[in-house]
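These notes concern the structure reproduced below.
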Amino acid sequence: MEIDGAVIIITGAGSGIGAATAQAANAAGAHLVLVGRRQERIAAVAEELRAARPDRSPLAIPADVTDSSDLHALVGRTLDEHGRIDVLINNAGQGFCSLVADTDLDLYRRILEVNLLAPLATMQKVLPSMRRCGRGSIINVSSGASLGVSPTTGAYSSTKAALNQLTAVARAELAPEGITVSLIHPYLTESEFNQALLGGDPILAPAVAPQHSAAYVAGSIMDLIRSGDAVTVLRPA
Ligand SMILES: NC(=O)c1ccc[n+]([C@@H]2O[C@H](COP(=O)([O-])OP(=O)(O)OC[C@H]3O[C@@H](n4cnc5c(N)ncnc54)[C@H](OP(=O)(O)O)[C@@H]3O)[C@@H](O)[C@H]2O)c1
């Protein structure tokens, strides 16, 4: 998918990988729709994008991706403005750190909502528009944690492992309609992710290892939109 001129929705665009992806897509000429719960954060990113590319007018739409009526309004407003949706980047996510034996089930349900059900619901919301156009690209942001075994990551990585399978099946189902569904596995990345962790004692969080920059991950997401490859795995820095 060509990025210049594409209408791209990015969830979790107010910080970290989402904000860096917005910068990269803006530089490449996309029409961006920035999504997150904290309005001031997505508005600040939109302001930076406008300053960098005055010929583009990014939308900043506050939404909780676990709220169906927010998703409905998000897609409606995007279509009112642009008439189509070319790319969806399901990037919003929530970390969780706990031993399996101690995992709080209510917190686990919350991260399942954000990391698994919300990407599914958002895909379902954008598909009618993509089907009308006969093309589209969906990028689901998973995690290298879902490819390995590391104590205290079981709940988080299991939500991402389910997203991996959902993405692979969606890819097979939607390819005949010209819609490409891809997956990226970032490794440890500089962002607010570790500050926003839910769950157990923070000392259980994996020790801080060398991290990728959010801009590096964003560049890989740009490559994935262009290539339509099934999966990108970002190796540890
Ligand atoms: N950083 C890493 O080491 C790493 C590694 C592998 C994978 N990942 C994945 O990369 C993605 C981006 O994370 P990040 O590292 O950039 O962390 P981040 O800076 O914490 O970004 C997460 C974003 O998701 C948004 N978000 C969370 N819950 C939401 C909800 N219910 N509705 C709408 N937006 C929501 C947050 O914005 P609001 O709070 O304003 O809503 C925030 O901007 C996540 O899916 C994460 O699992 C990260």
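The values are calculated or read from the model by the stated rules, or taken from the named source; none is laboratory data. These numbers come from a predicted model, not from an experiment. Note that each Cβ is placed from the backbone with ideal geometry, even for glycine, and that neighbours are counted across all protein chains shown. The protein model used for the area step is the full one, side chains on, heavy atoms only, and it has no ligands, DNA or RNA in it. Shrake-Rupley method; radii C 1.70, N 1.55, O 1.52, S 1.80 Å.
Can you find a residue in region 42-56 that is near the ligand (Cβ under 10 Å from one of its atoms), over 30 Å from Gly5 (Cβ atoms) and assigned to a helix (DSSP H, G or I)? Spell out how you get there, then give the answer.
Going through region 42-56, the residues near the ligand (Cβ under 10 Å from one of its atoms) turn out to be 42, 45.
Pick out the ones that are also over 30 Å from Gly5 (Cβ atoms) and you get none.
No - not one qualifying residue is present in region 42-56.
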* Structure fact -> Taking region 4-40 and keeping only residues that are closer than 21 Å to Glu192 by Cβ and more than 14 Å from the ligand (Cβ to nearest atom), one is left with Ala25, Asn26, Leu32
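Any idea how many residues of region 116-160 are small (Gly, Ala, Ser) and within 25 Å of Gly178 (Cα to Cα)? So that I can check it myself, show each step before the final result.
As a first pass, look at region 116-160 and keep what is small (Gly, Ala, Ser): 118, 121, 129, 134, 136-137, 142-146, 148, 150, 154-155, 157-158.
Then keep just the ones that are within 25 Å of Gly178 (Cα to Cα); that gives 118, 121, 129, 134, 136-137, 142.
Qualifying residue count, region 116-160: 7.
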* **Residues of region 57-67 that turn out to be away from the ligand (no atom under 13 Å from the Cβ) and in a strand (DSSP E or B), as a count** => 1
* Residue tally, condition without any contact (Cβ under 8 Å) to a residue 40 or more places away in the chain and either more than 26 Å from Gly228 (Cα to Cα) or touching a Gly at 6+ places or on another chain (Cβ under 7 Å) (or both), over region 1-33 -> 4
* Structure fact -> Exception for Pro236 within (1) open to solvent by less than 40 Å² (accessible area, probe 1.4 Å); (2) at pLDDT below 95; (3) in contact with a Phe, Trp or Tyr (Cβ under 9 Å, 6 or more places away or on another chain); (4) of a type outside the set (S, T, N, Q) falls at (1)
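Which residues, taken from region 168-187, are open to solvent by 50 Å² or more (accessible area, probe 1.4 Å) and either in contact with an Asp or Glu (Cβ under 6 Å, 6 or more places away or on another chain) or in contact (Cβ under 8 Å) with a residue 40 or more places away in the chain (or both)? Give the derivation first.
Initially, region 168-187 is screened for residues open to solvent by 50 Å² or more (accessible area, probe 1.4 Å), giving 168-169, 171-173, 175-177, 187.
Matches in region 168-187: Ala168, Arg171, Glu177, Tyr187.
Only one residue in Ala44, Ala20, Ala60, Ala30 is surrounded by fewer than 19 Cβ atoms within 10 Å (Cβ to Cβ) and not charged (D, E, K, R), so which one is that? I'd like the intermediate steps shown before the answer.
Details: Ala20 fails: surrounded by fewer than 19 Cβ atoms within 10 Å (Cβ to Cβ); Ala60 fails: surrounded by fewer than 19 Cβ atoms within 10 Å (Cβ to Cβ); Ala30 fails: surrounded by fewer than 19 Cβ atoms within 10 Å (Cβ to Cβ).
Criteria check complete, one pass: Ala44.
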